[in-house]
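What follows draws every value from the coordinates through simple rules; no lab data is involved. This structure is a prediction, so every number in the text was calculated from the model and none was measured. Note: ideal-geometry Cβ built from the backbone for every residue, glycine included; neighbour counts use all protein chains shown.
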Protein chains: 6
Amino acid sequence: MRILLINPNTSADMTARMVATARPVLAPDVELVALTAAQGLPYIASRAEAVVAGALTLEMIAAHQEGMDAVVIAAFGDPGLIAARELFDLPVVAMAEAAMLTACMLGPRFSIVTFSPALTPWYEDAVALTGMGARCASIRVPDVGFSSVSDVQHEMEAELVEMTRRAVDEDRADVVILAGAPLTGLAQRVADRVPVPLVDPLSAAVGQAQLLARLKPRPASAGRFARPGPKPATGLSPALGAWIEHLPGGARPNGAHRNGG
Amino acid sequence: MRILLINPNTSADMTARMVATARPVLAPDVELVALTAAQGLPYIASRAEAVVAGALTLEMIAAHQEGMDAVVIAAFGDPGLIAARELFDLPVVAMAEAAMLTACMLGPRFSIVTFSPALTPWYEDAVALTGMGARCASIRVPDVGFSSVSDVQHEMEAELVEMTRRAVDEDRADVVILAGAPLTGLAQRVADRVPVPLVDPLSAAVGQAQLLARLKPRPASAGRFARPGPKPATGLSPALGAWIEHLPGGARPNGAHRNGG
Amino acid sequence: MRILLINPNTSADMTARMVATARPVLAPDVELVALTAAQGLPYIASRAEAVVAGALTLEMIAAHQEGMDAVVIAAFGDPGLIAARELFDLPVVAMAEAAMLTACMLGPRFSIVTFSPALTPWYEDAVALTGMGARCASIRVPDVGFSSVSDVQHEMEAELVEMTRRAVDEDRADVVILAGAPLTGLAQRVADRVPVPLVDPLSAAVGQAQLLARLKPRPASAGRFARPGPKPATGLSPALGAWIEHLPGGARPNGAHRNGG
Amino acid sequence: MRILLINPNTSADMTARMVATARPVLAPDVELVALTAAQGLPYIASRAEAVVAGALTLEMIAAHQEGMDAVVIAAFGDPGLIAARELFDLPVVAMAEAAMLTACMLGPRFSIVTFSPALTPWYEDAVALTGMGARCASIRVPDVGFSSVSDVQHEMEAELVEMTRRAVDEDRADVVILAGAPLTGLAQRVADRVPVPLVDPLSAAVGQAQLLARLKPRPASAGRFARPGPKPATGLSPALGAWIEHLPGGARPNGAHRNGG
Amino acid sequence: MRILLINPNTSADMTARMVATARPVLAPDVELVALTAAQGLPYIASRAEAVVAGALTLEMIAAHQEGMDAVVIAAFGDPGLIAARELFDLPVVAMAEAAMLTACMLGPRFSIVTFSPALTPWYEDAVALTGMGARCASIRVPDVGFSSVSDVQHEMEAELVEMTRRAVDEDRADVVILAGAPLTGLAQRVADRVPVPLVDPLSAAVGQAQLLARLKPRPASAGRFARPGPKPATGLSPALGAWIEHLPGGARPNGAHRNGG
Amino acid sequence: MRILLINPNTSADMTARMVATARPVLAPDVELVALTAAQGLPYIASRAEAVVAGALTLEMIAAHQEGMDAVVIAAFGDPGLIAARELFDLPVVAMAEAAMLTACMLGPRFSIVTFSPALTPWYEDAVALTGMGARCASIRVPDVGFSSVSDVQHEMEAELVEMTRRAVDEDRADVVILAGAPLTGLAQRVADRVPVPLVDPLSAAVGQAQLLARLKPRPASAGRFARPGPKPATGLSPALGAWIEHLPGGARPNGAHRNGG
C-alpha cells in the first residue's frame, strides 16, 4: 500500500519530521511517499494563505496521484481537502479532520492546543467544517511569540504542556490535539506530563489514510463528491488543467475507478 | 463613491449583464467599476473550481483596489470572500452572503433557486458560512440540463418560476433568492409571477456594498479579520505577492487605514 | 424616496439625535420622516415594556404609512418588527436586526455593547430572533448605573470604550455593535479608539431601509408574512383597527400592492 | 389553591369549554377562576394579533392577580407569557409551553396538529421560544377551511384524527398535541383512534399550574425574570400602569413576595 | 392514585428522605409507594454505574408496576428512563428530566448545582437527553470533597448556597436545580437565601408524575415508545424476562392498555 | 497487537461472520480475539434491550481485557460504549461510532440503511451520541419484515440496495452505512451496485481499533473518562465487581496504565 503525503508548505525540514513521526504508526505493508510544495509560503498561517495553498495542493495531487492508494494533506487546517475529495478518485485525508475524528474515540470533548494566535480563525474553520463544534472544548493559543517555526515545539514545550493542562482543568477537555504541522511528534514526547490522551494529527492522518486504503471505498459517481464534468481551463498547471478537462494524460490513481468502470 | 465589481469567471458578457442590472440600485453618487477574470474557468460550478477562483479573486483585488471604497465579488458562492476580508482594508461584499442577509429582512425563511444541480454543494457551503442554515428553507435545482450558461435565464425561465412557486408551497419559503451569476436580472422580470419577494443577488450585493461604503467602517487591526503580518511568498502574482509581503508597491484603497494610521 | 422612522419611546430628544445621526448615510435622493410615540414609556428597557411598545408601533405605522417607501423601527430590540412585516405591505427594518446583519459583513463574530444590565434579556431575544446566536460573541453591559438616559453616551463614554475593547480581547469579537437608541451617534465619535469596526444601529437601519426601498420587493401574498385576512377588532386605535379589518380607510403605502393588485 | 385562567380572546363560549375540560385534571383542593378578554379579537390567529393580545393579557393579570396562586394564559401561542413572568410575582403558565413540556415526558418527538394554516408561523414561534425545536417533528395544518371557530373541533374531527395519524406515520411523531384553544377537549374524545398519546394543551397547562402552585417557588429578584424597577407610564390601563410604576394600589398575588420580603 | 417511587440505589435512608420531601406536593388523593434497590451500588455516581442501575431499574418496575398509575425513577441522571418508557405501559417520570422541564417554566435558563465533580458527565448526558442544552446555563460542582453522602446536604450547605449564588451572578442562571438524590429537601430549606427560584428534583418528579396520572395518556402502540415485540431472554430477572417475552405472568399496571385493548 | 471483539448478542454464527469479514482489513501484525455473550438476547433491537446488553458488555470486557490492546463492541448501537471508556484503561471502539467517523472522510453526509424499523430509535441515539446529527442525511428502514435475522442480508439484498440508492437520490446521502451486525459483509458484496462509497461498520470498527492501538494513547486520569474511584458493589459479576471495587484481581490490559504509573 502506498500513501502520498503532501506538504503544502515550502519547508522541506517539516516534511522530513513528518516522515519520521509517521513511521511507528505505519503497518508493516505500507510505504509513505512525501512531497514538499515548490511554491507558496514557508508556513501557512491564515485563511488567505490557505486559499493559495489549497490551489497548490490540488496541483500537487493531480501531478502525483498515479499509483497511490490514499493521500494525506499534511497541514492542520486542511487546505483544499473538500476540493480534492470532489475532484479526485482516491481517498484523501487531512490532519485537522483526522485528528478530530480520532479524538472523538478518546474523549467526549477535545481541545486544540497550538503555538500561535494567528492560527485560531483557520482552525475554527476546520472545526466547523467537520460539524463537530459541539465536541470542541477550546482552541488554546499562547500569548507569547516564538523565534523559529521549525523549532517552536522545543522552544515552547513548557508553555504547550501548561496550555494542555489548562485545557483539561479550565476548558474541561478530555483529550487534547497538539495542532499545526510544526508540532508533529510533540505528543509522543510529552504524553506522560498531561492527564489525558494526546493526539498527534500527523499520526492520526496517516493512520486514517491506511484504514481508508484497506477499506478500498469506491469513488463517488453521485452526491457531493462526484467528479465534476470536463471543463475548459485557462492558466492552470498542466496536470491539474488536464484532470479538470478530463484529458487522457490526466493521471489516475492505482486501480481507482468510478461508475464501476 | 467607487465600487469595484470583480467577476472571477472569464465570461465578459456576464460582467456586462451585471453592470446593467446594478444600475437601478445605484444611488446618484455611486460609480461601479467592473472587471472580468483573465484566467480560470468560464463558469465556476464546483468547490474545486471555487478554490482556484478564490486565489484569482485575491490577485484581482490586490491589483485593482486602489481608489476604491468597497469591493463586490460577483459570483454566488463567494470565492475568496473570507480571505479577502482578512487580507484587505476596504469593505468586501459577495453575492451569496449579501443575498441571504437581504432576504432575512423580507421573510423568516428563504429558499435558493438555481439552474444546475452541480451547484448545490457549493451553495450549501455558502449558507453554512453565514451561520444561517436555520433560515434556509431549501436549495432547489432543476432535473433537466441547459444548453447555454449565458442564456440559461431565458431558456429555463418557466422552470425557474415553477421551482420558485414550489419553494413557497412545498418548502415553505417566505422569500426566494434567484442564485448564480447567470440569473442576474431575472428577479425583476418575473417578480409578478410569484407570491413572495424575490432577491436578485447582484442587486443585493451592490446595495450592501454602498451601505458599507457610506458607513466607512475602520479596517480591523485585531480579531479574525486583522491583516496577517508580512511573509515571503514564492510564485504568486506581483500585486498579491507585494501585498502579502507588505511591500511599498502594494496598492492601498482610497483612504483606508488600519491602526488609526 | 421617503423613509418613515418610528421612535416607539416618548422621548422627542432621542428622535432628534437619530435624525442627525442618519444624515451622513442618506443618499442624495432620500427623505427621512421621523415620529415620536405619544403614549407608552420614556425608554423601553424590558420585555414587558416591549410588548406594550410593540402594540404602539403597529398603531403608529398604521396611521402614517401612506406615501412611504420603507419603515425604520427605531428601538434596539425591535418591538413589533415581525408583526409589522406580517401586517403591512411596505418594507420594515429595525435597529437590532439591521445592526446584526450589517455586522456580519464586517466580521465573523459581533459583540453587543450597551449601557444597562436591564437590557440584556431583551437583546438576547433580538439575537435569537435573527437566528444568529452562533455569530454573537457576547452582550456586554456595565456594572455601574447612569444618571440620565439622554446623556448616557457621554456620561459612560470611557466605560463603553473599555467594554468594547474587552469584547475584542476577552470575548473575541471581530466587530462591535453599540446598542440602544440612547447610544446613537457614539460609534462615529469613538471609532478611532477601538481596534475593530463599530456598527451604529440607527445608521445601519437607515442604510438597510434605503437598500430595500431601492430593491422594491413585492409584498408577500403567501408565506409567513402574508397579510392576515380581515377580522373584527374591538378597542384598537382607529387606523390599526381599520387596517386589521381591511376597511377602505386603512392607509396604503406609496404604490405597494399585494397579489399584483 | 386558586388558579386564574385568562382567555385573551373575546369569546366567552371558549372560556366555558376550557373550564369544563379542566375539571377532571383539578385535584380536590383546587379552584379555577376564569376570565374572558373584554377587548381585542374574537380569535387570535397571527403574530400581529398576538402582539395586541399580549398587551391585553398583561392588563388582565395586573387587574386580577390578587389572591391567586398561579396564572394560566389560555391561548396556544402564549401571548405575553415571557412579559408576564418578568413583570409579576406569581407563577405563570401558558398552553403551548405546558403542552410541549408535558409531551416531552410522553415521547421523544411531538407533533402539533391544528385546524388552520394561518396559525403555523405563530406556533413555530412558540416552539422556538421553548428551545425545543429539535423535539418537534412537525406542525400539521389542514388544506381545507372551516365555517365556525367555536365548532371547528367537531366539524373537522375526522380530518384532525387523520392528520394526527399522518404525523405519526409520516413525520415520526411519538406524541401529538392538539393545538389551539378551539380544540380544547378534543384529545379525550379521540384518544382511542390514534396509536400514540395525545396532549390537550389546556389540561396540561392547568396541571402544570397546579404543580407550580404546590412547589411555591419564590419570585426572582435577580436574573431575566426579576421585576423591572418603577417607571412612569402614559396611557396604559390603570392596574397595569400602577403595577409598572410600583404604586401601592398595584394588586399583589396571594402571599407572593420578592427579595425575601 | 398510586405513584411508584423507585430508588435504584441501595440506600434505604435516602428513600425515607424522599418520601418525607414528597409529602407537601402530593394532592389529597395520592398515595406514594417507595422501593429501594436490593443490589447494585450505594450511590450511583458515574455513567458506568448508571448502566448497571438502568438494568436494575427495569427489573424493579417489571416486578412492581401492577396497580400503579405512574412511576418515578428517583435518581438524578434518570437511569433506565428511556428504556422504561419504551418497555412499560404506564407513565414514567425521572428526577433530572422533571426538574429541567419544571425549571423551564420558572426561568429562561437553569443551572444545576450538585455536590461532587464526579457527577458532571452523567448530568451533562441528562441535559443532552432532554434536548435542552441551550437552556442550561451551567452545571456547578464544588472543589472540595465530602465525608458522608447521606449527610452531604447539611455538611456542604454553605458551599451549595454559595454555588447557587454564583450560578446566578456568573453563569446568569434564572432558576437553579439542586441536583442529586442526596440533596432532596435542601431547596425548601435554603430558598430564602438565594435570589431566584430553586427546584427540588424529587418534588418536581412527584408533581409531574401526578400530572401524567391525571391526564391518563394512552400507551403508545406506534412510534419510538411502542413496546417491543416478544423475544426470548436468557439470564434476566423473572419479572423482566417474563415482560420482555410477553408471558401471561408479566404484571400490568392499573388499567393501562395498548392498541385500544 | 491483539484486538478483543465483543459480540453482546448470544448468536455465535454472527460472531463467526464478523471474524471472517474483518480479515481483509487486519494488518499483517494483528490478531483478533472474538467472544459471544453467554446471556441476554439473541439479537438486540431496542433501547431497553441495549440497557441490558450494556451491562453485559461491561462484564465481558472486565473478564477478558487482560493482554488486549483495544476492544471492539460489535453491535451497531454501541451498548455500553461510554461506560466502558470511562471504566477501562484500554481503547474501546464500537460499530456505529466507528462507521460514522469513517463515513465522514468519504462524504459530507451519510445515511444509515438497515433491515428493521424497530432499530430506528436506537440508531438515532447512536447518531446523537456522536454529535453528528447534522451530517446524517437519513436512517432508512424497510416496510417489509424478514424471516431470519442470520440470513437477512441475503433475503433482503435487493431491498437494501434499493434503499441505498434512494438514500442517495432522495435524501442526498454521499456515503451509506449498511448498519446492524447482521449486515456485516454486505457492503463488499454490493459496492458495485450503488453510486457512492459504502461503509461496513465492523470493518470500520476493526480498522479504528487498530489505529488506536498503534497510537497507544495513555488512559485518562482526568476528564470525563477518568476511571471512577473504588466503590462497594452488590450482586455484579465477579470480574466487573472486582474492577469497580479496584480489587487486585481486577484484570488489566496489556501494559495500560493511568497516571503515568
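Values for this structure:
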quantity	calculated
Order of E:S147, A:S150 - criterion: other Cβ atoms within 10 Å of each residue's Cβ, fewest first	E:S147, A:S150
Linear extension gain, C:L247 paired with C:S148, 0.36 nm per residue minus alpha-carbon span	31.3 nm
Inter-chain shielding of C:55-67 (mean C-beta neighbours from other protein chains, 10 Å cut-off)	1
Furthest towards positive pole of dipole, D:G131, D:F225, D:A99, structure part chain D, Cβ charges	D:F225
Test item: Cα-centred dipole of chain A, Lys/Arg +1 and Asp/Glu -1 on Cβ, debye	900
Share of alpha-carbon pairs per 5 Å distance bin for the stretch C:87-193, given as whole %	2, 12, 23, 25, 20, 10, 4, 2, 1
Estimated FRET transfer efficiency when R0 is 56 angstrom, pair F:E162-B:A12 (beta carbons, to 0.05)	0.75
Largest-first principal axis extents, alpha carbons of the stretch B:173-216, Å	38, 22, 16
Convex hull volume of the stretch C:111-261 per residue (C-alpha atoms, cubic angstrom)	173
Amide H partners (placed H, <5 Å) of F:A94, local residues excluded	F:I73
Convex hull volume per residue in cubic angstrom - Cα atoms of the stretch D:93-141	70
Paramagnetic label zone (point 7 Å from Cα along Cα-to-C-beta, B:R2; backbone N under 12 Å) in the stretch B:26-45	B:31-34
Over the stretch B:1-114: Kirkwood hydrodynamic radius from C-alpha pairwise inverse distances, Å	14.6
Antiparallel bridge percentage (DSSP; both residues within the protein assembly as shown; nearest 5)	5
Averaged over D:106-117, number of beta-carbon atoms from partner chains that fall within 10 Å	3
Ordering of F:213-226, C:206-219 by burial proxy (mean other Cβ atoms within 10 Å per residue, highest first)	C:206-219, F:213-226
Assigned charges on the beta-carbon of Lys, Arg, Asp, Glu; the protein assembly as shown dipole about Cα centre (debye)	0
Residues E:E155, A:E170, sorted so that the one with the fewest Cβ neighbours within 10 Å comes first	A:E170, E:E155
Residue-averaged [θ]222 nm for the protein assembly as shown, counting only DSSP H segments that reach four residues, each worth -39500 (n - 2.57)	-11000 deg cm²/dmol
Net charge contributed by nearby residues that have their C-beta within less than 13 Å of C:A83 (K/R +1, D/E -1)	-1
Mean Cα-pair separation over length for the stretch A:97-200, i.e. relative contact order, pairs under 8 Å, 6 or more apart, %	35
Debye equation applied to the C-alpha atoms of the stretch A:38-104, log10 I(q)/I(0) at 0.16, 0.28, 0.29 Å⁻¹	-0.52, -1.31, -1.36
Projected area, mean over directions - chain C, Cα convex hull, nm²	13.6
Vicinal HN-Hα couplings computed from phi for the stretch C:227-244 (Karplus, 6.51 cos²θ - 1.76 cosθ + 1.60; Hz; Gly/Pro x)	5, x, x, x, 8, x, 10, 10, x, 8, 5, x, 5, 5, x, 5, 5, 5
Relative exposure of C:T15, D:T164, judged by other C-beta atoms within 10 Å (fewest first)	C:T15, D:T164
Kyte-Doolittle mean at least -0.5 and Cα axial length at least 15 Å: DSSP H helices in chain D	D:12-22, D:47-64, D:120-130, D:157-169, D:201-215
Whole-number percent relative contact order across chain A, with pairs defined as alpha carbons under 8 Å at least 6 apart	23
Distant-in-sequence amide H partners of D:R140 (H built 1.01 Å from N, under 5 Å)	D:I112, D:V113, D:T114
Residue-averaged beta-carbon neighbours from other chains (10 angstrom radius) around A:235-246	2
Computed magnitude of the charge dipole of the stretch C:97-200 (debye, nearest 20; Cβ of K, R +1, Cβ of D, E -1)	280
Percentage relative contact order, the stretch B:18-162, counting C-alpha pairs under 8 Å, at least six apart	18
The protein assembly as shown - convex hull of the alpha-carbon atoms, volume per residue in Å³	156
